[in-house]
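Structure record follows, encoded as structure tokens.
The values are calculated or read from the model by the stated rules, or taken from the named source; none is laboratory data. Keep in mind the model is a prediction, meaning the values are calculated, not measured. Positions of Cβ are backbone-derived with ideal geometry, glycine not excepted, and every protein chain shown enters the neighbour counts.
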Amino acid sequence: MPAPIASDIKPDVDSVLEAILYLYTESRRLTKEVARQVELTGPQLTVLKLLEGVGDLSLSALSERIRAQNSTVTGIIDRMEREGLVVRARSTEDRRVVHIRLTDKGARIARAVSIEPMEIFRTALQALSARETRELLTILTKIARGVQSIVKREVGSQPPKADEANR
């Protein structure tokens, strides 16, 4: 169990947590709202905009970028492929690698979405100086590593739930 938070910084820690939760919730809300307008799911919109911005990605690179497991992203890509939004294309350099590429239809929809949550956050972050941006990145990276460590330690050490143990 983690050590209790010192009472002199508890209000600040609580304010940081509230800000993080607000940003997360607002991002999900905006993504769902914009996705609904173009008849997509939030994850599908995220994939379209990411591929529009960076180009073709392997499934594992895409999974890493959107912070989801390969199996989850495979399901998203399967549905997007059926809807004609993306195609899978084998790499010419390494036949084992399959890249996810936007179709013309997927690219048209991606272009039609003029504003999306990531862009809103990018614009808001421009209010920070270069130094503040680097400091924020350092702090958020440290928090992310701490969360990963705690999750790995706590969740990894938990015995399986009854329904999981019987599978």
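A single entry from R29, R67 fulfils the requirement of being of a type in the set (K, R) and over 25 Å from K152 (Cβ atoms): R29. Taking the stretch 83-113 as the range and being hydroxyl-bearing (S, T, Y) and either more than 14 Å from L51 (Cα to Cα) or not assigned by TED's automatic domain parsing to the domain that holds S63 (or both) as the test, the residues that pass are S91, T92.
Residue-by-condition table, conditions (1) at pLDDT below 90; (2) in a helix (DSSP H, G or I); (3) in contact with a strand residue (DSSP E or B) (Cβ under 6 Å, 6 or more places away or on another chain); (4) of a type in the set (D, E):
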site: P2; (1), (2), (3), (4): yes, no, no, no
site: P11; (1), (2), (3), (4): no, yes, no, no
site: Y24; (1), (2), (3), (4): yes, yes, no, no
site: E39; (1), (2), (3), (4): no, no, no, yes
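On the given criteria, is L57 modelled with pLDDT of 90 or more, surrounded by fewer than 15 Cβ atoms within 10 Å (Cβ to Cβ) and of a type outside the set (G, A, S)? Criteria not met by L57. Would you tally the residues in the stretch 22-49 being without any contact (Cβ under 8 Å) to a residue 12 or more places away in the chain and crowded, with 18+ Cβ neighbours inside 10 Å? Final tally of qualifying residues: 1. Within the span defined as the stretch 94-104, one or more residues are among the acidic types (D, E) and more than 18 Å from the chain's Cα centre (by Cα). Where the second residue is at pLDDT below 90 and assigned to a loop (DSSP other than H, G, I, E, B) and the first is closer than 18 Å to A144 by Cα and lies in the stretch 1-18, which pairs have Cβ atoms under 6 Å and are six or more apart or on separate chains? That search, which allows pairs on different chains as well, returns V13/I5.
Matching residues to (1) in contact with a helix residue (DSSP H, G or I) (Cβ under 7 Å, 6 or more places away or on another chain); (2) among the charged types (D, E, K, R):
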position: D56; (1), (2): no, yes
position: N70; (1), (2): yes, no
position: T74; (1), (2): yes, no
position: D78; (1), (2): no, yes
position: R82; (1), (2): no, yes
position: L85; (1), (2): yes, no
position: T92; (1), (2): no, no
position: V97; (1), (2): no, no
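Within the set E132, E52, E81, E116, the sole residue that is buried (at least 16 other Cβ atoms within 10 Å of the Cβ), acidic (D, E) and at pLDDT 90 or above turns out to be E52.
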